[in-house]
Amino acid sequence: MNLPVLPSILLVISTVHAFQYTELAQYIDSHQEEYVEALRDWVAIESDSSNVVKRPDLHRMMEVVAQKLRLMGGTVELVDIGEQELPDGQKLALPKVVTALFGSDPSKHTVCVYGHVDVQPAKLEDGWVTDPYNLTDINGNLYGRGASDNKAPVLAWIHAVGAYQALSMELPVNVKFVIEGMEETGSNGLDAMILAQRDTFFSDVDYIIISDCGWLSRRPALTYGTRGNCYFFAEVKGPKQDLHSGIYGGTVIEPMTDLIGILDTLISPSGKILIPGIREAVAPLSDEEWRMYQDIEFDLDNYKTKIGVSQLMYTNKVDLLAHRWRYPTVTIHGIEGAFSDPGTKTVIPAKVTAKFSIRQVPNMEPATVKKQVTDYLHSVFAKRKSPNKLKVTMVIGAKPWLANTQHPLYEAGKLAVKRVFDMDPDLIREGGTIPIARTFQDVTGKSIIMMPIGGFDDGLHSQNEKMSRYNYIEGTKLFISYLNEVSQIKKTSV
Ligand SMILES: CC(C)C[C@H](N)C(=O)NCC(=O)O
């Protein structure tokens, strides 16, 4: 006799959800300026994790995050993750990791949102049009270091929770946060913290959500893979101090010449990695992957124009996407000790250290890569019969991460994107690295989704990094909607 009532109950439930979203979305729109101001405050903190001089700013950044979450009534902790040993042996306190909890209803799913608030270095003289630490709105784009990577996405998650609270709406899931301050330099200390808290903080976490990446185009995306990264220092040491190149040039075997010589053996001009064993380890591209890449809308000419190059390494879409996402590559980032100021100093640098990295993909193993690179560089160096000394160290060894796109987390993501943007998302991989993604997966055994809100042209790590207001604000609505969709996932899904 109760049966006829059922459809009207369903109608009521779905109406309530639709109503909630509209109200929440309106709330977000009407608080847009406040959110931009919050981002301005965060961008103003020079939380550069690679510069030891900026470490006090980084500590302050973590305090600011913790305080914001405390003021919202979260259960917040600043977790001490110990010290970092610098190359000269000096010890430096790592920025504390902020953990927070909103809600602990055992009948609900618990999601853990991971993000970071440290940034890459940025100086006006690098070619920024605006002060990198003064958020500047130009035509709806918010320029500032860390705006997209990853301060706005972290704030968007916090604001999504805040909107539910402000409207006295119950959060559809329990929400935990893990916010760190060392992502850009390899997430030092975070692996150990996750391992230590596996059976406490992480024990009731069902799913992990990361929003530390970007869309491929103007279409929203869900990300199911990231490359890892092995970062190396190769130091060549010669004379006891720098020398005049006129007085001594031609008589000494120069460290820089040795270094450039060995660097030139890492990768061919056409992008072929020359270190034995690296290419052989890579999982072959499957037919299914090929089809997925083929189906993605991606304009190579537009890509070329955006980054300002006349020619790309590959001329077809599938090859280009595959080499961006799921093949390794070698990048030489810079040489410490080299003369790089304006002017014409005539010096023979006594000690030079090259910094290069190799992006990792399945089935590469950082420990194996470390040995392959070290052995190879020493063998190439030996052939030069140089009296100089070579030292190779791997300073970051982050593994790649790959998710199952059939998991209900991705279905929920598609529904949330559809609701907010009225279109289906691209399913993409990311060429960059989120060092902790794989650790989360291996240590907690939980499923992860990456839900980017950054634009395809945000200029991460580059001059004039930005986050558009549109992505920031609509992204916040996406997170609001996603929390609701995740709450609908059947409790049995791992
Ligand atoms: C696009 C990346 C995944 C963003 C991430 N925050 C990052 O920059 N990681 C370090 C890296 O070098 O990839």
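The values are calculated or read from the model by the stated rules, or taken from the named source; none is laboratory data. Here the structure is a predicted model, which means the values were calculated and not measured. Ideal geometry is used to build each Cβ from the backbone, glycine not excepted, and the neighbour counts take in all protein chains shown. Please note that ligands, DNA and RNA were not included when accessible areas were found on the heavy atoms of the full protein model with its side chains. Shrake-Rupley method; radii C 1.70, N 1.55, O 1.52, S 1.80 Å.
Just a few scattered comments:
- Test set (1) away from the ligand (no atom under 16 Å from the Cβ); (2) open to solvent by 10 Å² or more (accessible area, probe 1.4 Å); (3) assigned to a helix (DSSP H, G or I); (4) of a type in the set (Asp, Glu) - Asp204 fails condition number: (3)
- Whether a residue is in contact with a Pro (Cβ under 9 Å, 6 or more places away or on another chain) and either on the phi > 0 side of the Ramachandran plot or not acidic (Asp, Glu) (or both) was assessed, and Arg279 passes this test.
- Some residue of segment 473-480 being open to solvent by 10 Å² or more (accessible area, probe 1.4 Å), among the hydroxyl-bearing types (Ser, Thr, Tyr) and under 30 Å from Val43 (Cβ atoms): no
- Within segment 213-227, residues that are within 15 Å of Leu415 (Cα to Cα) have Cβ atoms under 6 Å from residues that are away from the ligand (no atom under 14 Å from the Cβ) and open to solvent by 10 Å² or more (accessible area, probe 1.4 Å) in these pairs: Arg219/Asp426; Pro220/Phe421; Pro220/Pro425; Ala221/Pro425; Ala221/Asp426; Leu222/Pro425; Leu222/Leu427, counting only partners at least 6 apart in sequence or on another chain.
- Residue match in segment 449-462 (condition: away from the ligand (no atom under 16 Å from the Cβ) and surrounded by fewer than 24 Cβ atoms within 10 Å (Cβ to Cβ)): no
- Every residue from segment 125-157 that is open to solvent by 20 Å² or more (accessible area, probe 1.4 Å) and either assigned to a strand (DSSP E or B) or within 16 Å of the ligand (Cβ to nearest atom) (or both): Thr136, Asp137, Ile138, Asn141, Tyr143
- For Glu289, the test of being open to solvent by less than 30 Å² (accessible area, probe 1.4 Å), without any contact (Cβ under 8 Å) to a residue 60 or more places away in the chain and of a type in the set (Asp, Glu) is passed.
- Residue match in segment 430-437 (condition: within 16 Å of the ligand (Cβ to nearest atom), closer than 30 Å to Ala196 by Cα and over 19 Å from the mean Cα position of the chain (by Cα)): no
- Test for Ala122: is it open to solvent by 10 Å² or more (accessible area, probe 1.4 Å), over 14 Å from the mean Cα position of the chain (by Cα) and within 19 Å of Asp41 (Cα to Cα): yes
- Odd one out for Asp258, checked against (1) open to solvent by less than 30 Å² (accessible area, probe 1.4 Å); (2) in a loop (DSSP other than H, G, I, E, B); (3) farther than 18 Å from Phe456 by Cβ; (4) out of contact with any helix residue (DSSP H, G or I) (no Cβ under 6 Å at 6 or more places or on another chain): (2)
- Of all residues in segment 76-111, those satisfying the criterion of being touching a residue at least 60 places away in the same chain (Cβ under 8 Å), out of contact with any Leu (no Cβ under 7 Å at 6 or more places or on another chain), open to solvent by 30 Å² or more (accessible area, probe 1.4 Å) and farther than 25 Å from Leu58 by Cβ are Ser104, Asp105, Pro106, Lys108.
- Of residues in segment 322-377 being in contact with a His (Cβ under 9 Å, 6 or more places away or on another chain) and assigned to a loop (DSSP other than H, G, I, E, B), the one farthest from the ligand (Cβ to nearest atom): Thr346
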